1. Do we have Leu113 as within 30 Å of Asp162 (Cβ to Cβ) and in contact with a helix residue (DSSP H, G or I) (Cβ under 8 Å, 6 or more places away or on another chain) here?
2. In the list Val175, Val186, Val169, which residue meets the criterion of being buried (at least 21 other Cβ atoms within 10 Å of the Cβ) and free of Cβ contacts under 8 Å to residues at least 60 places away in the same chain?
3. Would you check if there is a residue in region 33-53 being aliphatic (A, V, I, L, M), over 16 Å from the mean Cα position of the chain (by Cα) and at pLDDT below 95?
4. Within region 11-63, which residues are in contact with a helix residue (DSSP H, G or I) (Cβ under 8 Å, 6 or more places away or on another chain), closer than 22 Å to Leu80 by Cβ and of a type in the set (Gly, Ala, Ser)?
Amino acid sequence: MDMKELATAMGNLEEKKILGWVDQFLAGNPSPEQLNEAIKACQDGMSEVGKRFESGEYFLAELIFAAEILQQVMTRFRPLIKAGSGGRLGRVVLGTADGDLHDIGKNIVRDMLEAAGFEVHDLGINVPVQRFVAAVKEIKPQIVGISGLLTLALDSMKNTVDALKEAGVRDEVKVIIGGNPVTAKVCERVGADAFTRSAAEGVEICKKWVVS
């Protein structure tokens, strides 16, 4: 199975095939470039899962299953990722908005950011506004990512951005929000710099910010 087939298998949720390929791949002592290609293939597969979810072909159960497959893959990849990345692209503070207990999307983004070379500080779920502020002051990241699946999370996102302004640190970071309810209008209302409903797209936005 080549990288294109890996992406297709991810899109088709072929767990056994994917994990068997990954184990063989790692047994061959892949180079950093080969590892990046494999991770990119997984990202492409997850993008396809997202498209199928949005079109109604896949439902929440399939989305959760895809996230579980990716988590297993990234668990296998993580030792090599951490050995080779060193946070070379910058630091990201990431968390699910206050009042929201969902973490599937956040965890996918976290794994993909780490794979891309970011140092990620995951604050978890249901993160209070002031916890984000404290983390920005302490960690001094370039980017803050706020995730949310529930509509109530949107107010929490806005409150977080407002709190960053009040603390005088808003101009020090880029803020990206993500999740099913976010739109361009929501992004504007929240005061974020960007929004995304795709983990792969979100990672690309973050990469552009730190290399521009």
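The values are calculated or read from the model by the stated rules, or taken from the named source; none is laboratory data. Treat the numbers as computed from the prediction; the structure is a model and nothing was measured. Reconstructed Cβ throughout: ideal geometry from the backbone, glycine too, with neighbour counts over all protein chains shown.
1. For Leu113, the condition - within 30 Å of Asp162 (Cβ to Cβ) and in contact with a helix residue (DSSP H, G or I) (Cβ under 8 Å, 6 or more places away or on another chain) - is met.
2. Val175
3. yes
4. Of everything in region 11-63, those that are in contact with a helix residue (DSSP H, G or I) (Cβ under 8 Å, 6 or more places away or on another chain), closer than 22 Å to Leu80 by Cβ and of a type in the set (Gly, Ala, Ser) turn out to be Ala38, Ala41, Gly45.
The rows are residues; the columns are (1) in contact (Cβ under 8 Å) with a residue 40 or more places away in the chain; (2) outside any helix (DSSP H, G or I); (3) surrounded by 15 or more Cβ atoms within 10 Å (Cβ to Cβ).
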position: Lys17; (1), (2), (3): no, no, yes
position: Glu57; (1), (2), (3): no, yes, no
position: Ile69; (1), (2), (3): yes, no, yes
position: Pro79; (1), (2), (3): no, no, no
position: Thr96; (1), (2), (3): yes, yes, yes
position: Arg110; (1), (2), (3): no, no, yes
position: Val120; (1), (2), (3): no, yes, yes
